[in-house]
Amino acid sequence: MSRHVLAIDLKDDPAVVAAYLEYHRRAWPEVLRSLRAAGWHGMEIFLLGRRLVMILEADGDYRAQFATHAASHPRVAEWEALMQSMQERCPGAAPGDWWAEMQPIFRLV
């Protein structure tokens with residue numbers, strides 16, 4: 001299993017931030033089932049201002065798993081389009097990536 005830390009910004013609008021938080025408090029069941037079925041074992045999203053940081057634990061290629069997830073059900077596709085409408089790519093995101101993968105620099109073991 002591998003761990004990935006990803007970042008993205010929410011749009012600079014307090015109403016958008018509030019809506020994003022509310023959607024995630026009541027994540028749609030189809031989305032939750034799809035995330036698990038895609039092979040993701042854990043996911044946490046943190047917020048600071050309008051910057052989101054997601055910690056993702058997955059087997060395999062998380063990008064391929066995300067594509068599988070997004071195509072798994074019409075409600076999942078609707079959810080992902082809605083979430084993306086509230087987000088903006090972070091500076092430093094790789095070309096073609098929506099979320100920017102953060103590089104680990106320290107780990108206490």
Next item on the list: Grab the eigenvalues of the alpha-carbon gyration tensor for the chain, scale each by 5, take roots, and send me the semi-axes largest first in whole angstrom.
Entry: 20, 19, 13
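Can you give me the orientation-averaged projected area of the convex hull built on the Cα atoms of the range 31-74, in nm²?
Details: hull surface 13.6 nm².
Taking the Cα atoms of the range 31-74, their convex hull projects to 3.4 nm² on average.
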Margin query: As a test of the formula, what do you get for the chain when each DSSP H run with n ≥ 4 contributes -39,500 (n - 2.57) and the sum is divided by the residue count, at 222 nm and rounded to the nearest 500 deg cm²/dmol?
Written below: -11500 deg cm²/dmol
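If packing is taken as the average number of other Cβ atoms within 10 Å across a peptide's residues, how do 26-35, 95-104 rank, most packed first?
26-35, 95-104
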Notebook entry, point to check: In percent, what relative contact order does the chain have, based on Cα pairs under 8 Å that are 6 or more apart in sequence?
Noted result: 40
Checklist line | Under 13 Å, Cβ to Cβ, from residue 41 - net charge with Lys/Arg +1 and Asp/Glu -1 | finding: -1
Notebook entry, point to check: Cα atoms only, the range 55-109: Rg and Dmax in Å?
Noted result: 13.6, 42
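Carbon-plus-sulfur fraction of the accessible area of the chain, 1.4 Å probe, in percent?
Values: 4180 of 7100 Å².
That fraction is 59 percent.
For the chain, with every protein chain kept in place, what is the accessible area per residue (1.4 Å probe, Å²)? Could the numbers behind the result be given before it?
Values: 7100 Å² over 109 residues.
Value returned for the chain: 65 Å² of accessible area per residue.
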Next item on the list: Using θ = phi - 60° and the Karplus relation 6.51 cos²θ - 1.76 cosθ + 1.60, list the HN-Hα couplings for the range 24-40 in order, rounded to whole Hz, with x at every Gly or Pro.
Entry: 6, 5, 10, 4, 5, x, 5, 5, 4, 4, 5, 4, 5, 5, 6, x, 8
Check: Counting Lys and Arg as +1 and Asp and Glu as -1, what is the net charge of the other residues whose Cβ lies under 10 Å from the Cβ of residue 6?
Finding: -2
Next item on the list: Could you give the size of the charge dipole of the chain about its Cα centre, using +1 on the Cβ of each K and R and -1 on the Cβ of each D and E, expressed in debye and rounded to the nearest 20?
Entry: 220
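The values are calculated or read from the model by the stated rules, or taken from the named source; none is laboratory data. What you see is a predicted model, and the numbers here were worked out from it, not measured in a lab. Positions of Cβ are generated from backbone atoms using ideal geometry, with glycine treated the same way; all protein chains shown enter the neighbour counts. Side chains included, ligands, DNA and RNA excluded: accessible areas come from the protein's heavy atoms. Shrake-Rupley method; radii C 1.70, N 1.55, O 1.52, S 1.80 Å.
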